[in-house]
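**Student:** Pasting a structure here, questions to come.
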Amino acid sequence: RSGYYIPAAWDFFRTGSLIPASTLSNAHPPLPSLILAAVWKLFHFAPEVTRTAMCAVAALALTAVWRLAVIATGKQPVALATVLLTGIYPVFFAQSSLAHADLFAAAGTLWALAFLLEDRVAWAAICFSLAALSKETAVVTPLALAVWELIRSSGNARERARRIAALMAPVVPLAGWYAYHWRKTGFVFGNPEYLR
């Protein structure tokens, strides 16, 4: 959606402000804007630079799809077929070069799931946090998994507590973003007109 993400990234690129001025702030977390502005600083502000950056994020997400398929099946041909089918899926394919937060959140979430399945919970917490700082709704996945850890009865209690803490970790940076947004704008979840 160029109506929000490009102007927000452009404002950060020009002014360093995390709160967009050229479009109404709807309180989306700033990570996509930060990444796009960094890419523009390195290469210059142009549509082809933006699309290439988004294709790189899509490739990162597809790499996570491959890793998840390898973890789930242990078979390289299945993993390659899964990546191919995901890549040609019309929604993924069409959105893989558009500047919006969903692709950033998907890449972070997919890598977090892969790390979680490999029992690398610290890396999972980092990736889930990056996903939540890309799009606020991405916090639902780690929270749902934390609830699952709470209600399942098997496993070492200390290990489960460690996993729950890691899964709850993305709430902290997201809450920090909303506190910052409230302090700067006077509202938490975005412009009141936008919410209406």
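The values are calculated or read from the model by the stated rules, or taken from the named source; none is laboratory data. Note that the structure is a prediction, hence the values are computed from the model and not measured. No Cβ is skipped: glycine too gets one built from the backbone with ideal geometry, and neighbour counts run over all protein chains shown. Note: accessible area is taken over every heavy atom of the protein model, side chains too, but ligands, DNA and RNA are not part of it. Shrake-Rupley method; radii C 1.70, N 1.55, O 1.52, S 1.80 Å.
**Student:** Run down A72, A81 and say which single residue is small (G, A, S) and within 17 Å of L113 (Cβ to Cβ).
**Tutor:** Within the list A72, A81, the selection yields A72.
**Student:** Take the residues in region 33-81 that are of a type in the set (K, R) and either more than 12 Å from A99 (Cβ to Cβ) or touching an Asp or Glu at 6+ places or on another chain (Cβ under 7 Å) (or both), then tell me which one is least open to solvent (accessible area, probe 1.4 Å). Show your work before the answer.
**Tutor:** Taking region 33-81 first, the residues of a type in the set (K, R) are 41, 51, 67, 75.
Filter once more, keeping what is either more than 12 Å from A99 (Cβ to Cβ) or touching an Asp or Glu at 6+ places or on another chain (Cβ under 7 Å) (or both): 41, 67, 75.
Working: K41: 146, R67: 64, K75: 119 Å².
Of everything passing the filter in region 33-81, R67 is least open to solvent (accessible area, probe 1.4 Å).
**Student:** Shifting gears a bit: For region 97-109, which residues satisfy the criterion of being under 15 Å from the mean Cα position of the chain (by Cα) and either open to solvent by 40 Å² or more (accessible area, probe 1.4 Å) or over 15 Å from A144 (Cβ atoms) (or both)? Walk me through how you get there before you give the answer.
**Tutor:** Looking only at region 97-109, we keep the residues that are under 15 Å from the mean Cα position of the chain (by Cα), and these are 98-109.
Those that are under 15 Å from the mean Cα position of the chain (by Cα) and either open to solvent by 40 Å² or more (accessible area, probe 1.4 Å) or over 15 Å from A144 (Cβ atoms) (or both): L98, A99, H100, A101, D102, L103, F104, A106, A107, G108.
**Student:** Which of (1) more than 19 Å from the chain's Cα centre (by Cα); (2) open to solvent by 70 Å² or more (accessible area, probe 1.4 Å) is the odd one out, the single condition E149 does not satisfy?
**Tutor:** (2)
**Student:** Scan region 67-101 residue by residue and report those that are among the β-branched types (V, I, T) and touching a Leu at 6+ places or on another chain (Cβ under 9 Å).
**Tutor:** Here is the first cut: in region 67-101, the ones among the β-branched types (V, I, T) are 70-71, 73, 78, 82-83, 86, 88, 91.
I71, T82, V83, T86, listed by residue number.
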